[in-house]
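**Q** This structure is in structure tokens; I'll ask about it shortly.
The values are calculated or read from the model by the stated rules, or taken from the named source; none is laboratory data. Predicted, not measured: the structure shown is a model, and the values here were computed from it. Reconstructed Cβ throughout: ideal geometry from the backbone, glycine too, with neighbour counts over all protein chains shown.
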Amino acid sequence: MEIRSGWLKRFSWFLAANAAVVVSLAIITGGAALSLAPYLLLFSCTIPFFSLLFSKWSAKRAHGIYVIEPNHFNNETERNLYRLIETLSQRAGLQRVPEVGIYESADVNAFATGATRSSSMVAFSTGLLETLDEDAIAAVAAHEIAHIANGDMVTLALVQSVINTVIYIITIPLWLIKWTAFFSDQVSALAFWLITIAKFLITVFLVFLGSLVAKAFSRHREFKADQLAAQLVDPQSMIHALESLRQVPVITIKQQQSYAAFKINAGPSILDLFSTHPSLERRIARLRAMDDFGT
């Protein structure tokens, strides 16, 4: 019932946000955007959810992930890791144990992906399994299970859909103005290029603002995942895991760059504003405050 309620809440929020965008812009543009709204909504939703649908498959391919078979463990490491995920999944109230994968990488990292809670996967790098101790690995695993339990992959797709809708509804009228000017005898070549440049700059600005919104939500979900992970294990174990991650560099392989936002450690950034993750220092501070207040 709780899982179904979460889905309904996210879907209702998604419809309300898109409706607000369409109605507001329809008023501003005198109704011009309203006729395009159904097509824009469909197009803006397709890309994020198409990506979400194939997220697990593409992650396996990009990382060369080996999936542990629950009934055939090759060694104790596989057995212990799967049992850990199984236990944490039960604590988090998941109805199905996610797939558990391992991928070869010196990067000390892990991530969760999948279109739904029942078709998700948690993957660990060999670097993480070889570098961190048992308590830290358990806390990292709890963090990834928390992402699945919170439905973060679906919610991020909803957020991106709303952002896309805003961008398309604003830029398509600009695109129409541009080509109307191109075929008009009353518009000079200079005016046409000025319109083209203005459209380009506005689009870039909107995409930039959209990315800031998506990153802000991503940082929020990292705090929430840390909080739930601390409840699944304990705050000190989660703090220990993050402090352990501070001691190792983040190694990003080119083919895996698009997955950085989903990993537990995205590496340092000049400003959190431009990062998908809060700094490890801020995350540790939040957990310490949580532990001090006994929440």
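**Q** Kindly evaluate S118 against the criterion of being among the polar types (S, T, N, Q), surrounded by fewer than 18 Cβ atoms within 10 Å (Cβ to Cβ) and in a helix (DSSP H, G or I).
**A** Here the answer is yes, as S118 does meet what is asked.
**Q** What do you reckon, is S161 at pLDDT 95 or above, surrounded by 18 or more Cβ atoms within 10 Å (Cβ to Cβ) and not basic (K, R)?
**A** no
**Q** Please list, ordered by first then second residue, the pairs with beta carbon atoms under 8 Å, 6 or more apart or interchain, first in segment 69-93 and more than 16 Å from D135 (Cα to Cα) and part of a loop (DSSP other than H, G, I, E, B), second among the aromatic types (F, W, Y) and modelled with pLDDT of 95 or more.
**A** P70/Y82; F73/Y82
**Q** Yes or no: segment 94-106 includes at least one residue that is in a helix (DSSP H, G or I) and touching a residue at least 24 places away in the same chain (Cβ under 8 Å).
**A** Within segment 94-106, none of the residues are in a helix (DSSP H, G or I) and touching a residue at least 24 places away in the same chain (Cβ under 8 Å).
**Q** In this structure, does L228 turn out to be assigned to a helix (DSSP H, G or I) and in contact (Cβ under 8 Å) with a residue 24 or more places away in the chain?
**A** In short, yes.
**Q** Conditions first: (1) on the phi > 0 side of the Ramachandran plot; (2) of a type outside the set (K, R); (3) surrounded by fewer than 21 Cβ atoms within 10 Å (Cβ to Cβ). D133 passes all but one, so which condition is the exception?
**A** (1)
**Q** Check segment 175-186 and report whether any residue there is of a type outside the set (S, T, Y), in contact (Cβ under 8 Å) with a residue 24 or more places away in the chain and not in a loop (DSSP other than H, G, I, E, B).
**A** Looking through segment 175-186, at least one residue is of a type outside the set (S, T, Y), in contact (Cβ under 8 Å) with a residue 24 or more places away in the chain and not in a loop (DSSP other than H, G, I, E, B).
**Q** While we're looking at this one, here's another question. Could you check segment 207-219 and list, in sequence order, the residues that are over 16 Å from F262 (Cβ atoms) and crowded, with 17+ Cβ neighbours inside 10 Å?
**A** Correct list: G210 only.
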